[in-house]
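The values are calculated or read from the model by the stated rules, or taken from the named source; none is laboratory data. In this text the structure is predicted, and so the values were computed from the model without any measurement. So basically every Cβ, Gly included, is an ideal-geometry build from the backbone, and we count neighbours across all protein chains shown.
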Amino acid sequence: MMPDKDEILSSLPAYRDAIKELREPLLANLVMVSEIPAPTFQEAERVRFLQDRFIESGLQNISTDEVGNAVGILPGKEGADRNIIVHANVDTPHPKEADHTVNVDPDCLVGLSTGFNSLGLATLITLPMLLEHLGLELQSNLVLLGTVRSIGRGDLAGLRFFLDNTTLPILAGVPVEGMQLGSQSYRAIGMVRGEITCHVPEEYNWNRFGAAGAINALNEVINAINAIPLPSRPRVSIVFGSIEGGTPFARVATDAALRLDIRSESGGLADWVRQRVRDICAEVSAITGAEVTVDFFARRQPGGIQFSDYLARWGREILEALGIEPRVAPSFSSISAFSDRDIPALRLAITRGETLKNNKERLEIAPMFSGLAQLLGVLLAIDAGYRDED
């Protein structure tokens, strides 16, 4: 018999207490995953580790696909007609040569990418053990999916490939990230991501009107972008992520680069701003003689489920049952890939933490048990089929 709402919600505090008994294997999985470098397009070693853990857990249909995603299926009672995807990204933004050592203290872990994206993967690895420990068996299959080529120029390519090619009927997707616990996303903001580069060639004419170094040219681009008239509705913003370039004192910079996101509630408006940025780069290039080029390499369409959807409501109620204040906000993550294929999805975070000045992440251990109980509650709700309830 399917549990009713009250049974699921009232069971969550007890699940949280029981999950604490799995502290050591959870942390061991997190440390091992975190210490395996996996820059985008170089994720093979982490994928192998994930597959090995899937085999140890007795999952079925363990495989990798053409792009390198790792997948394993935990069978449910009703078989292949009911499938829930639990998803985490495999890749991280750090190079292989970086120090990936994780330091474990009684109340926290500190290391590169412990929260982004290693805790999500550790959750996938630990989930079968957790369900067995609690004596829970779902009606639906759980499709545990670690996807490659997710961040930066990867542009969610791994997840998009899997969703485009799977023949499994999917009830819902549950992307899992490390932090911050309490934050949930069920809608995606439209986004265009790109990089503007300025280069001064060797034959540059310094006597022409408007001549300048690469940094000056890039500054002209930034000023012009800031002058683009942006409407207040639908909302749109231009976010400058990083600027780099230049050489030591007394030298003219010959190269500079700017990375930016265009974010909007409207995909069409984001495209309009993208074209304006292209025009600005061409104009500054013509005026200054510097080579100003722009490469837009990632894109997200806005979409997702509504605030009143069963999955969004359940997400909020589950957090409240665990004594956690929900913080709902749209995301730029994998929600858009699910939305593009009309699959309802709810992104969850497992713990609290912070990014330190050295780019390492500090994750709190105690909140992880609430985060995992949250995940269980969401999976039980989807599995129980409350989609059609008012």
Practice task
Could you run through the range 96-114 and say how many residues are without any contact (Cβ under 8 Å) to a residue 12 or more places away in the chain and surrounded by 11 or more Cβ atoms within 10 Å (Cβ to Cβ)?
Solution key: 1
Exercise for the section: Say whether the condition of being farther than 17 Å from Ser183 by Cα, assigned by TED's automatic domain parsing to the domain that holds Leu109, within 20 Å of the chain's Cα centre (by Cα) and not in a helix (DSSP H, G or I) is met by at least one residue in the range 313-329. Expected result: no
Practice task
Run down Val90, Val110, Val143, Val86 and say which single residue is modelled with pLDDT of 95 or more, assigned by TED's automatic domain parsing to the domain that holds Leu375, of a type in the set (Val, Ile, Thr) and within 18 Å of Leu356 (Cβ to Cβ).
Solution key: Val110
Exercise for the section: State whether one or more residues within the range 97-108 are part of a strand (DSSP E or B) and under 19 Å from Ile343 (Cβ atoms). Expected result: no
Exercise for the section: Return a yes/no flag: does the range 5-18 have any residue that is assigned to a loop (DSSP other than H, G, I, E, B), in contact (Cβ under 8 Å) with a residue 40 or more places away in the chain, surrounded by 13 or more Cβ atoms within 10 Å (Cβ to Cβ) and aromatic (Phe, Trp, Tyr). Expected result: no
Fill in the blank from the handout: The one condition Tyr186 fails out of (1) under 31 Å from the mean Cα position of the chain (by Cα); (2) modelled with pLDDT under 90; (3) not β-branched (Val, Ile, Thr) is (2)
Exercise for the section: Of the numbered conditions (1) assigned to a helix (DSSP H, G or I); (2) on the phi > 0 side of the Ramachandran plot; (3) not hydroxyl-bearing (Ser, Thr, Tyr), Leu30 fails exactly one; give the number of that condition. Expected result: (2)
Handout entry: Tally of residues being surrounded by fewer than 17 Cβ atoms within 10 Å (Cβ to Cβ), touching a Ser or Thr at 6+ places or on another chain (Cβ under 7 Å) and within 27 Å of Leu26 (Cα to Cα) across the range 122-172
Key = 1
Completion exercise
Taking the range 352-388 and the residues there that are among the polar types (S, T, N, Q) and assigned to a helix (DSSP H, G or I), the one that is farthest from the chain's Cα centre (by Cα) would be Ser370
Completion exercise
When the range 85-114 is checked residue by residue, the ones that are among the hydroxyl-bearing types (Ser, Thr, Tyr) and closer than 23 Å to Arg347 by Cα are Thr92, Ser113, Thr114
Exercise for the section: Answer with yes or no whether Ala211 is modelled with pLDDT of 90 or more and in the same structural domain as Arg276 (by TED's automatic domain parsing). Expected result: no
Exercise for the section: With respect to Ala349, determine if the residue is of a type in the set (A, V, I, L, M, F, W, C), buried (at least 21 other Cβ atoms within 10 Å of the Cβ) and in contact with a Leu (Cβ under 6 Å, 6 or more places away or on another chain). Expected result: yes
Exercise for the section: Could you please find all residues in the range 63-92 being more than 19 Å from Arg160 (Cα to Cα) and either surrounded by fewer than 15 Cβ atoms within 10 Å (Cβ to Cβ) or without any contact (Cβ under 8 Å) to a residue 24 or more places away in the chain (or both)? Expected result: Lys77, Glu78, Gly79, Ala80, Asp81
Exercise for the section: Could you tell me whether the range 1-10 includes any residue that is hydroxyl-bearing (Ser, Thr, Tyr) and over 22 Å from the mean Cα position of the chain (by Cα)? Expected result: yes
Exercise for the section: Tell me which residues, restricted to the range 129-158, are out of contact with any Asp or Glu (no Cβ under 9 Å at 6 or more places or on another chain), over 24 Å from Gly241 (Cα atoms), part of a helix (DSSP H, G or I) and in contact (Cβ under 8 Å) with a residue 60 or more places away in the chain. Expected result: Met129, Leu130, Leu134
Handout entry: Residues of the range 10-57 satisfying the condition of being under 21 Å from Val378 (Cα atoms) and hydrophobic (A, V, I, L, M, F, W, C)
Key = Leu12, Ala14, Ala18, Ile19, Leu22, Leu26
Exercise for the section: Being over 19 Å from Leu230 (Cβ atoms), among the hydrophobic types (A, V, I, L, M, F, W, C) and either surrounded by fewer than 16 Cβ atoms within 10 Å (Cβ to Cβ) or under 24 Å from the mean Cα position of the chain (by Cα) (or both) is the filter here, so list the residues in the range 273-306 that pass it. Expected result: Ala282, Ala286, Phe297, Ala298, Ile305
Fill in the blank from the handout: Scanning the range 231-254 for residues that are in a loop (DSSP other than H, G, I, E, B), exposed (fewer than 14 other Cβ atoms within 10 Å of the Cβ) and at pLDDT 80 or above gives Pro231, Ser232, Arg233, Arg235
